[in-house]
Amino acid sequence: MKAFFLNDIKAQDSGSATAVRPAKVKEVDSLCPYCGVGCALTFVVDEDKNRILYTRGRDGAPNAERLCVKGRYGFDYAMHEQRLTQPLIRKAGSYPKGPLSSAAKDSTGARKPGGRVDYNELMPHFREAGWDEALDLAASRLKQIRDTHGGGALAGFGSAKGSNEEAYLFQKLVRVVFGTNNVDHCTRLCHASSVAALLEGIGSGAVTNVVRDIENAEVAIVTGCNPTENHPVAATFMKDAATKGTKLIVINPRRPQIADFAEMYLRPKPGSDVALYNGMMHVMITENLIDRDFIAKRVEGFDALKKVVAEYTPDQVAKLTGLSAADIIRAGRLFGSAKAAMIFWGMGISQQTFGTDNARCLIALAMITGNVGRPGTGLHPLRGQNNVQGASDSGLIPMVYPDYQSVKDPRIQEKFEKYWGVKLSPQVGLTVTEIMHAALKGSVKGMYMMGENPFLSDPDINKVRKALSALEFLVVQDIFFTETAEFADVILPASSFMEKTGTYTNTDRRVQIGRPALQPPGEARQDWELICEISNRMGFQMKYDSVEQVFDEFAACTNEYKTLNYQNLGAFGKWYPCADPKTSQGEKIVFGDTFPSGKAKLVPAQVTEPDELPSNEYPYVLNTGRVLEHWHTGSMTRRSRALDTIEPEAFVEVHPLDAKVLGLSEGDWVKVKSRRGEITLKVRVHDRTNQGSVFIPMHFREAAANVLTNPAIDPIGKIPGFKFCAVGLTRLGSRP
């Protein structure tokens, strides 16, 4: 396949499939820019044409030379003709602001596949500018809003696609220069509830064990996730473990392919997670399948938990979940009897209005059985983006400074005031969804967005459209003209992953260095340098000789990273914590003796209803997510020729029995409508989706799933409930 693909690229470049190998080829050891697995790879580059020819996997700790389809073929977005290469300023005649492209104006769908932004619709509204003009305008307007209305009138969205250094500088800019803690990123849309529960329960928001240690587990729960599509390389290690004897309990209303390798596959009703896990704990406690010594020494709150789960008998839980009482008992016995067990979970757990409660239950499952701190045990929320762990570690969230140090703690505030040399706001900042709400109300007036596309990633797009239109001033820093950039006053062309040096922290807590394979196109610049430019022009000097110097400043204000530097990270990185980088790769398994919080805190959870329920008009439950070939809002993968060719258009997946009732056949067009909006797209009929539910991937701007989703949030993690909203379907026939 590699040779074929390379020949195909040669043919594109020269018009001949027999073209000779490029004269100057270099190899750059780096990382995959997609998911949280953080696969190590090598880019093979044509230096003369500044093009990546192909990739191959390296023998890194996360991947052992393995790559998925995105890591192997999803690199060409960086070389796409739509890359931004020049700063842009909105023309005076294009106010008041609003959406410019047809899809952003109307996301109802029913357009041809391959719906990338049409630059012909956008560019007439902007003019090219020099860097000084664009940066001066951006800095002066943000400063004007701050000086007139206070720091709370500004906010920033950073990116989990960027490096740790970029995340650290961005949150520093918002806190030190803007004067607010209104800074967040897409962790708010994926694992914020998991992190909240972990910080509450054990004092750390990171995983306690690495993916590949599943080989030492007797049993592993894989719940609320679809690793074969969302974390494909991690899934290969799960499959390997299953074939060698690890018993998988796969739990998901939509059947993932990993269920083919499971000892048990459970398909509960959407939103019934708390009931199921309470029922399993009921079985384990009743049958004494718990570690009483571990509970006595390392856990608090067991009696309160025991009292709550006593109500969740298998028969009662069967009614709530749609599962059989026998399966609930069997799952409880299987997990409780294991000498070593792990728990992996994804956004099916976290992206609920009760996501924190879901994660609390999983933490309790591990704690009452003593399944943490040993080989083959642990808690592992599979992180989505390639650097969502690192961005959170770096402080790119509104309630904590770097290393999860609370902004509400006066001692911590004083520490960072001395470290950065300015007074800081003691007020907890707004989260992603709260910032959009504040923009709509007018209390947030200016924003700086780096590598985020909330127009497609946030729930209830019609509301987001109004919020972005209401901003007085918006700076967007990105590599493409995204849907969000349509609302910008200034657009700054940035560097892609393949064009920068920086560190990235994967789902295993492994810190690795990404290295540049390409030169940025045109006048595009490094993201970290642009952050410094904005800061300098707003009056706070950020002067660094290199990105390595930024990492050193970040690491020095943390406990977890303080021993790490570019020299000891080397070619393959290290896990944190790492007491002695000279002799150790870092800690794969943590909390063998104690937790950062001392004892683990069990927090009982009760079943609560989703924010909205199906009705006669909206009888189906919508589940949204990703597909193997694409990533989030599609800005990268829909500009990757191979990936977009394989999966070019939006679809709604419908169970065969529901399709029969609705009179739907494969390929029919259907209108999907919620209480917030409607989209039009094609039908796929498949029994992997639960009867009474439908699935729509989130990647397709021409039929954007988040037109439909509910903006209601988990009260603790402040994460939207992307996995549950009520919709209705109307058949449109063979044409839209």
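The values are calculated or read from the model by the stated rules, or taken from the named source; none is laboratory data. For clarity, every value in this text was computed on a predicted model and none was experimentally measured. Note that each Cβ is placed from the backbone with ideal geometry, even for glycine, and that neighbours are counted across all protein chains shown. Each accessible area value is taken on the protein alone, full model and side chains, heavy atoms only, with ligands, DNA and RNA left out. Shrake-Rupley method; radii C 1.70, N 1.55, O 1.52, S 1.80 Å.
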| Counting only residues that are outside any loop (DSSP other than H, G, I, E, B), over 19 Å from T208 (Cβ atoms) and within 24 Å of the chain's Cα centre (by Cα), how many does the stretch 553-581 have? | 2
| Checklist (1) in a strand (DSSP E or B); (2) modelled with pLDDT under 90 applied to K718, failing item | (1)
| said: So L628 ticks every box in (1) more than 22 Å from the chain's Cα centre (by Cα); (2) surrounded by fewer than 20 Cβ atoms within 10 Å (Cβ to Cβ) but one. Which box is left unticked? | reply: (1)
| remark: Checked against (1) in a loop (DSSP other than H, G, I, E, B); (2) open to solvent by less than 10 Å² (accessible area, probe 1.4 Å), P521 satisfies every condition except (2)
| field | Options G152, G179, G158: the member that is within 17 Å of the chain's Cα centre (by Cα) and small (G, A, S) | value | G158
| request: Name the one entry in S140, S204 that is more than 23 Å from F480 (Cα to Cα), open to solvent by 10 Å² or more (accessible area, probe 1.4 Å) and in a loop (DSSP other than H, G, I, E, B). | output: S204
| Just to be sure, is K723 modelled with pLDDT of 95 or more, open to solvent by 10 Å² or more (accessible area, probe 1.4 Å) and not hydroxyl-bearing (S, T, Y)? | no
| query | If you check C578 against the conditions, is it over 30 Å from D46 (Cβ atoms) and crowded, with 21+ Cβ neighbours inside 10 Å? | reply | yes
| request: For the stretch 636-677, name all the residues that are part of a helix (DSSP H, G or I), buried (at least 20 other Cβ atoms within 10 Å of the Cβ) and either in contact with a Lys or Arg (Cβ under 8 Å, 6 or more places away or on another chain) or of a type in the set (K, R) (or both). | output: T637, R638, R639, L643, D644
| the stretch 327-339, residues that are in contact (Cβ under 8 Å) with a residue 60 or more places away in the chain and touching a helix residue (DSSP H, G or I) at 6+ places or on another chain (Cβ under 6 Å) | A331
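Has the stretch 515-529 got at least one residue that is modelled with pLDDT of 95 or more, more than 26 Å from the chain's Cα centre (by Cα) and on the phi > 0 side of the Ramachandran plot?
Yes, that holds for at least one residue.
Yes/no per residue for (1) in contact with a helix residue (DSSP H, G or I) (Cβ under 9 Å, 6 or more places away or on another chain); (2) within 21 Å of G733 (Cα to Cα); (3) charged (D, E, K, R); (4) without any contact (Cβ under 8 Å) to a residue 40 or more places away in the chain:
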| site | (1), (2), (3), (4) |
| --- | --- |
| V654 | yes, yes, no, no |
| D668 | yes, yes, yes, no |
| R675 | no, no, yes, no |
| T680 | yes, yes, no, no |
| V683 | yes, yes, no, yes |
| V707 | yes, no, no, no |
| N710 | no, no, no, no |
| said: Please verify whether C39 is more than 20 Å from P520 (Cβ to Cβ), buried (at least 22 other Cβ atoms within 10 Å of the Cβ) and modelled with pLDDT of 95 or more, treating the condition exactly as stated. | reply: yes
